[in-house]
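Take a look at the structure set out below.
Please treat every number below as a calculation from the coordinates, not as lab data. Worth saying up front: this structure is predicted, and the values here are computed from it rather than measured. All Cβ positions, glycine included, derive from the backbone under ideal geometry; neighbour counts span all protein chains shown.
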Amino acid sequence: MKVRAIQLDRVGGPEVLQVVEVEVGEPTAGEVRIRHAAIGINYIDTYHRSGLYPLPLPAVLGAEGAGTIEAVGAGVTHVAVGDRVAYAGGKPGAYAEARVMDATQVVRLPDSIDVARGAGMLLKGMTVAYLFTKVRGSFGPLVAGDPVVWHAAAGGVGLIACQWARALGLKLIATASSPEKCALALRHGATHAIDYSHEDVAARVRSLTGGEGVKVVYDSVGKDTWERSLDCLRPCGLVVSFGNASGPVPPVDLAQLVKKGSLYVTRPSLGTYAATHAQVEELSHALFARVAAGDVVIDPPRRYPLADAARAPADLESRKTTGASVLVP
């Protein structure tokens, strides 16, 4: 059968995204076919579109979606036809009315979570889950009272992180680009918020931590925040660089890490921490449990028609959005 999809045949800006019809067949062993009700929009989509993370072309973007199972291939037992499901990660291809994909990343949605929220929360929430519970520096697991910095805290991942940190008892210091975004981060659980367009982030972090700095900085911005991330850390602290919204981090000078206090750096990805279905189940269930307990409240995502897929990531890149956004077929 043919479905509408958003495809690119060359890299570039939003203008390279085109509405096309593609053929979607039957799932083979280990696969499922999903009819999308909503499709998550994430920064990684812009990396694929720009060529920062190259894809074989032509390609359909998108790594997150939610909808209904239409067909299952041999060997798939954890979902069935008619199930409401969501997924995050795996091969791109979500920007379409329907798709066939590996069932590894697919999980059932709890009845209490609607498909739009499911499509807007799973990749972001699983990202927060693995960053807080799996990625560790020299200090070991974070404990209540620990200070951390989270850049871009008013984005979709950041707002979940603010709430999750509050539930863990962490002192999350949010950074954002405007007073309004700082206020949003505070409402979602940040202990402090810094408007980096008007304040010296590292100096304010030092002030808030009695001159010590923080144990961990979570940085999805990349090039523009790299130096300030290092300057926010206490000795032996950890920078978790998990995104490149402003561009790739420049080559790391190891001597600089020594001079700034024997610092640690890691560049993790959800793909590594959710490579098996057991890992996906663990992270997604941790997220669903936080939502069920009221620790994390997922705001309704901003909606764009599928045909408007060129505008949606452009709004994301220009920092016009807060929270999550989804495409609706």
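In nm, give the distance between the simple-model label positions of ARG136 and MET1, each being 7 Å from the Cα along the Cα-to-Cβ direction.
In this crude spin-label approximation the distance works out to 4.7 nm.
When a footprinting reagent is the concern and you count Cβ atoms within 10 Å, what order do SER112, SER197 take, fewest first? Kindly include the intermediate steps, with their values, before the conclusion.
Values: SER112 9, SER197 12.
Ordered by Cβ neighbours within 10 Å, fewest first: SER112, SER197.
If you add up the charges near GLN105, with Lys and Arg at +1 and Asp and Glu at -1, over every other residue whose beta carbon is less than 15 angstrom from its beta carbon, what do you get? Walk me through the numbers before you get to the answer.
Details: positive: ARG33, LYS91, ARG99, ARG108, LYS124; negative: GLU31, GLU64, ASP83, ASP102, GLU281, GLU282.
Charge balance near GLN105 sits at -1.
Please give, to one decimal in nm, the separation of the simple spin-label points placed at ARG35 and GLU199, each 7 Å out from Cα toward the Cβ.
Each label point lies 7 Å from its Cα, and together they span 4.9 nm.
Just add up the charged neighbours of ARG187: K/R +1, D/E -1, any other residue whose Cβ is under 12 Å from the Cβ of ARG187. Walk me through the intermediate numbers first.
On the way: positive: ARG166, LYS181; negative: GLU180, ASP299.
So the surrounding residues net to 0.
So if we plug the beta-carbon distance of ASP114 and LYS260 into 1/(1 + (r/R0)^6) with R0 = 45 Å, what FRET efficiency do we get, rounded to 0.05?
Details: r = 45 Å, r/R0 = 1.01.
The value I calculate is 0.50.
Could you compute the FRET efficiency for VAL297 and SER178, with r as their C-beta to C-beta distance and R0 at 22 Å, rounded to 0.05? Could the numbers behind the result be given before it?
Numbers: r = 22 Å, r/R0 = 1.00.
Efficiency, rounded to the nearest 0.05: 0.50.
Within segment 34-55, whose backbone N sits under 12 Å from a point 7 Å along Cα→Cβ of VAL16?
Correct set: 46-55.
Do the sum for the chain: with -39,500 (n - 2.57) for every DSSP H run of n ≥ 4, divided by all residues, what is the mean residue ellipticity at 222 nm, to the nearest 500 deg cm²/dmol?
On the way: 10 runs with 97 residues, N = 329.
Calculated mean residue ellipticity at 222 nm is -8500 deg cm²/dmol.
Just grab the label-to-label distance for ARG311 and ASP253, each label 7 Å out from Cα along the Cβ direction, in nm (one decimal).
4.5 nm
What is the count of Lys pairs in the chain whose alpha carbons sit under 20 Å apart, if the two are 8 or more places apart or on different chains?
Close lysine pairs found across the chain: 15.
Between ALA94, ALA161, ALA286, which gets the highest mean-square fluctuation from a Gaussian network model of the chain, Cα cutoff 10 Å?
ALA286
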